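Take a look at the structure below.
The values are calculated or read from the model by the stated rules, or taken from the named source; none is laboratory data. Everything quoted here is computed from the prediction, not taken from an experiment. Cβ placement follows ideal geometry from the backbone for every residue including glycine, while neighbour counts extend to all protein chains displayed. Heavy atoms of the whole protein, side chains included, go into the accessibility calculation; ligands, DNA and RNA do not. Shrake-Rupley method; radii C 1.70, N 1.55, O 1.52, S 1.80 Å.
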Amino acid sequence: MAEEDHTASPGANSEDPAEQLAWRRLTARHGDRLRQIMDAYGWPTAELVGDEAARGAWLIAQHADRQLDVQRRALRLMEAAVAAGAAGPRELAFLRDRTLVNEGRKQIYGTQIAGIEDGSPVPWPCDDPERMDALRAEAGIEPFEEYVATFAVT
């Protein structure tokens with residue numbers, strides 16, 4: 001499951017304030033650079049920059065939690081890229097949910113986990129939980145129960 005974003009950097013979840021600050025500075029620098037790239041080229045698709053760099057751009061957007069303008073812009077550009085067949089709907093779904101959660105809204109696909117309680121993952125609220133697995137399937141994401149099993153603490 002390393003392709004999703006729940007394999008965060010140690011600094012992101014560290015108890016050490018110095019590590020947290022270093023993580024914030026790093027993500028801000030990356031977000032600033034992604035903003036420059038989007039200004040110059042639009043969404044950095046695999047065709048434009050290669051698979052690894054396109055994945056990196058998505059990860060930067062996904063983790064730009066303190067730069068909501070960068071996330072929103074990446075989301076808009078990625079939506080257009082997906083519509084043109086130049087980016088994947090799976091990554092778009094994760095970015096959409098992350099942006100919604102950062103805006104204080106309910107997510108759509110159930111990709112964002114708020115934490116672990118009693119060994120079980122607790123997702124951020126979802127807009128339409130009954131349709132969530134159907135929407136996940138459309139985006140190429142495994143069913144919610146399979147996904148959250150990767151977070152379970154036994």
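Solvent exposure of the stretch 8-154 amounts to 56 Å² per residue of accessible area, where only protein heavy atoms count and the probe is 1.4 Å.
In a fully extended conformation the segment linking Asp32 and Phe151 would gain 39.8 nm over its present Cα-Cα distance, using 0.36 nm per residue.
For the stretch 25-82, what mean projected area does the convex hull of the alpha carbons give, in nm²?
Values: hull surface 13.7 nm².
Projected over every direction and averaged, the Cα hull of the stretch 25-82 covers 3.4 nm².
Counting only protein heavy atoms and a probe of 1.4 Å, the accessible surface of the chain is 51% carbon and sulfur. Helix content alone sets the calculated 222 nm mean residue ellipticity of the chain: runs of n ≥ 4 DSSP H residues at -39500 (n - 2.57) each, divided across all residues, give -17000 deg cm²/dmol.
Computed from the C-beta positions of Asn13 and Ala83, the FRET efficiency with R₀ = 41 Å rounds to 0.75. Per the Cα gyration tensor, the stretch 55-123 maps to an equivalent ellipsoid with semi-axes of 23, 13, 10 Å, ordered largest to smallest. Please check the chain for the longest run free of GluC sites (Glu not before Pro) that are loop-located per DSSP (anything but H, G, I, E, B) and have at most 12 other Cβ atoms within 10 Å. Of all site-free stretches, the longest is 16-102.
Comparing Cα centroids, the stretch 104-150 and the stretch 47-74 end up 21 angstrom apart.
For Asp39 and Asp118, the FRET efficiency from 1/(1 + (r/R0)^6), where r spans their Cβ atoms and R0 equals 35 Å, is about 0.15. Its Cα gyration tensor gives the chain an equivalent ellipsoid. The semi-axes, each the square root of 5 times an eigenvalue, are 24, 21, 13 Å from largest down.
Taking 7 Å steps out from each Cα toward its Cβ at Leu48 and Arg131 produces label points 3.0 nm apart.
Each residue, Arg24 and Glu138, gets one label point 7 Å from its Cα in the Cβ direction; the gap between the two is 3.8 nm.
Since only Ala83, Ala139, Pro44 are under comparison, the one whose Cα sits farthest along the positive direction of the charge dipole of the chain, derived from C-beta charges on Lys, Arg, Asp and Glu, is Pro44.
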